[in-house]
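K.L.:
Quick one: this structure, given as structure tokens, is what I'll be asking you about.
The values are calculated or read from the model by the stated rules, or taken from the named source; none is laboratory data. As the structure is a computational prediction, the values presented were derived from the model and not from experiment. Heads up, the Cβs are rebuilt from the backbone with ideal geometry, glycines too, and the neighbour counts pull from every protein chain shown. SASA here: full protein model, heavy atoms, side chains in, ligands and nucleic acids out. Shrake-Rupley method; radii C 1.70, N 1.55, O 1.52, S 1.80 Å.
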Amino acid sequence: MDTPGDTLSSCHFVPPYLMQELARTGTLAEGYVHECLRIDTQLRDRRRGGGVRATARDTTARWVVHTADHAEELPGEPVRSEGEPESGDAAVDEAASGITATLDLFRDVFARDSFDDAGARLLLTAHYGRDYANAFWDGGHLVFGDGDGTVFTRFTRAADVIAHEFGHAVTEHTAGLVYQNQSGALNESVSDVFAACLKQQLAGADAAAGSWLIGEEIFVPGINARGLRDMENPGTAYDDPALGRDPQPAHMDDFVETVDDNGGVHINSGIPNRAFVLAARAVGGTSAGGAGRIWYAALTSGELTTVSDFRAFAAATVAAAGEHEDAVREAWAQVGVTDGTAESPAPQAPPTTQPGVVSVRRSGGIVGQVVEGSVDPTADDDRARAVRELLDRVDLRSAAETGAPQPDRYVYEIGIGEGESYTVQEVALDADTRRLMELVLDEGS
Ligand SMILES: [Zn+2]
């Protein structure tokens, strides 16, 4: 369809996750919402795909790695394209080998030509921001920070983190799973699945012997962490004063209802992650060539909607499993996802405001960590004065209405005094709003 119908023109003013809520509560008909989300994905594909493919015509290189040189401009300055020798910049060269291995895996095992399956050229950016302990896909770039140096080192060190971010690009261009609640946790899990497939392939390991740790290499020495996530044993990857304790559940009985992190997308992904591990072992062979092919087939089958939940995704993998149908169904049953699994209720927002105080909770990021801080804006000090000035200048209401959740980006919840609070996506931050959030968060760190 070339132009969206007039009757659906209202779609584009409502963020996808809100559409999902409206469908759930019966405010909008489900069919209408699905059509809206489909059109929205198409339009985004066209905007993004067009730009990226235009660049691809200039060269046969499948990727270009840039440096942001610690700024937050994307993509930054190009440093190295495919076919060029090592740059000597460790982060750039790690990104280069990580993306090469990832593209090869998708080509050789899944017969997929880049994230759009039409050879789109990958734009990667290393050295993003200052002390930026995160990596993300923003719809056009794979972006990697160098870490904060106290808990995290540079995120390019783990090839599986690069495959994870590429996985978000693939999901956006296939099932388009909305990055909120269960569909968001599936979006996260699928990225971890591709990450583990790559990691095991690079290690020459099959599903029986392979590692299920994601992001093993990105911690500074002395942090008590085996990885960001343990797909085999969710909830056991880390336990450290600087980081907290791995909050992932391994079974539907422990599903976490939360509004943080777009509805716990980095938390509840533990459940489908473990289902994949069990399926990969039951199917046998390599994770990529065995259960990985089944998961990829489900993702690209057209059976899923953008708001599919765990139960729907499980059904799609069972349908794609062929002779392994029973093994895949049993893997999901072991984590409590069956035909009888009840839909989880929409999470309720906890009170985020306190009288007389400006408070910020930052959640999300590929780490899925929650960081909090607060300021008494009436205090007589420089920080309080700066917060007062920024509050006068920023428009939190319009920031809260800007931008749908993006994979692995931060989510900020800011409470002002009693009763006023806003959820702001990282993509919606202007310089003043970012400064305000950072000032308020600084207290606790
Ligand atoms: Zn992610």
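K.L.:
Just checking, which of THR156, THR150, THR174 is out of contact with any helix residue (DSSP H, G or I) (no Cβ under 8 Å at 6 or more places or on another chain) and of a type in the set (Ser, Thr, Tyr)?
P.N.:
Checking each option against the conditions leaves just THR150.
K.L.:
Among the residues of the range 398-420, count how many are loosely packed, with under 15 Cβ neighbours inside 10 Å and part of a strand (DSSP E or B).
P.N.:
1
K.L.:
On to the next question. Kindly evaluate PHE155 against the criterion of being surrounded by fewer than 24 Cβ atoms within 10 Å (Cβ to Cβ) and aromatic (Phe, Trp, Tyr).
P.N.:
no
K.L.:
Yes or no: the range 221-237 includes at least one residue that is out of contact with any strand residue (DSSP E or B) (no Cβ under 9 Å at 6 or more places or on another chain), outside any loop (DSSP other than H, G, I, E, B) and of a type in the set (A, V, I, L, M).
P.N.:
Checking the range 221-237: not a single residue is out of contact with any strand residue (DSSP E or B) (no Cβ under 9 Å at 6 or more places or on another chain), outside any loop (DSSP other than H, G, I, E, B) and of a type in the set (A, V, I, L, M).
K.L.:
If only one of VAL307, VAL318 is part of a loop (DSSP other than H, G, I, E, B) and either away from the ligand (no atom under 16 Å from the Cβ) or at pLDDT below 95 (or both), which one is it?
P.N.:
VAL307 is the lone residue from the list that is part of a loop (DSSP other than H, G, I, E, B) and either away from the ligand (no atom under 16 Å from the Cβ) or at pLDDT below 95 (or both).
K.L.:
Residues of the range 197-215 being away from the ligand (no atom under 13 Å from the Cβ) and buried (at least 19 other Cβ atoms within 10 Å of the Cβ), which ones?
P.N.:
Those that are away from the ligand (no atom under 13 Å from the Cβ) and buried (at least 19 other Cβ atoms within 10 Å of the Cβ): CYS197, LEU198, LYS199, GLN200, GLN201, ALA207, GLY210, TRP212, LEU213.
K.L.:
Can you name the number of the only condition in (1) over 16 Å from VAL109 (Cβ atoms); (2) within 13 Å of the chain's Cα centre (by Cα); (3) assigned to a helix (DSSP H, G or I) that VAL178 fails?
P.N.:
Looking at each condition in turn, VAL178 falls short on (3).
K.L.:
If you don't mind, another one. When you check ARG274 against the structure, is it open to solvent by less than 20 Å² (accessible area, probe 1.4 Å) and either of a type in the set (Lys, Arg) or assigned by TED's automatic domain parsing to the domain that holds PRO405 (or both), yes or no?
P.N.:
No: the conditions fail for ARG274.
K.L.:
Report, by residue number, each residue of the range 147-168 that is over 22 Å from PHE106 (Cα atoms), in contact (Cβ under 8 Å) with a residue 60 or more places away in the chain and either touching a Ser or Thr at 6+ places or on another chain (Cβ under 8 Å) or more than 16 Å from the ligand (Cβ to nearest atom) (or both).
P.N.:
GLY147, GLY149, THR150, VAL151, THR153, ARG154 - these are the residues of the range 147-168 that are over 22 Å from PHE106 (Cα atoms), in contact (Cβ under 8 Å) with a residue 60 or more places away in the chain and either touching a Ser or Thr at 6+ places or on another chain (Cβ under 8 Å) or more than 16 Å from the ligand (Cβ to nearest atom) (or both).
K.L.:
Now for a different question. Within the range 356-387, which residues are at positive phi and more than 28 Å from the chain's Cα centre (by Cα)?
P.N.:
Answer for the range 356-387, where residues must be at positive phi and more than 28 Å from the chain's Cα centre (by Cα): just GLY356.
K.L.:
If I ask for residues that are part of a loop (DSSP other than H, G, I, E, B) and away from the ligand (no atom under 16 Å from the Cβ), which ones from the range 248-265 would you list?
P.N.:
PRO249, ALA250, HIS251, PHE255, VAL256, GLU257, THR258, VAL259
K.L.:
Do you know which residues across the range 413-445 are among the small types (Gly, Ala, Ser) and touching a residue at least 24 places away in the same chain (Cβ under 8 Å)?
P.N.:
Residues satisfying the conditions are GLY415, GLY417, GLY419, SER421, ALA428, GLY444, SER445.
K.L.:
Could you tell me which of the residues ALA133, ALA71, ALA120 is open to solvent by less than 10 Å² (accessible area, probe 1.4 Å) and in a loop (DSSP other than H, G, I, E, B)?
P.N.:
ALA120
K.L.:
Being closer than 18 Å to LYS199 by Cβ, modelled with pLDDT of 95 or more, in the same structural domain as LEU142 (by TED's automatic domain parsing) and hydroxyl-bearing (Ser, Thr, Tyr) narrows it down to one of THR100, THR125, so name that one.
P.N.:
Step by step, each of THR100, THR125 is checked, and only THR100 is closer than 18 Å to LYS199 by Cβ, modelled with pLDDT of 95 or more, in the same structural domain as LEU142 (by TED's automatic domain parsing) and hydroxyl-bearing (Ser, Thr, Tyr).
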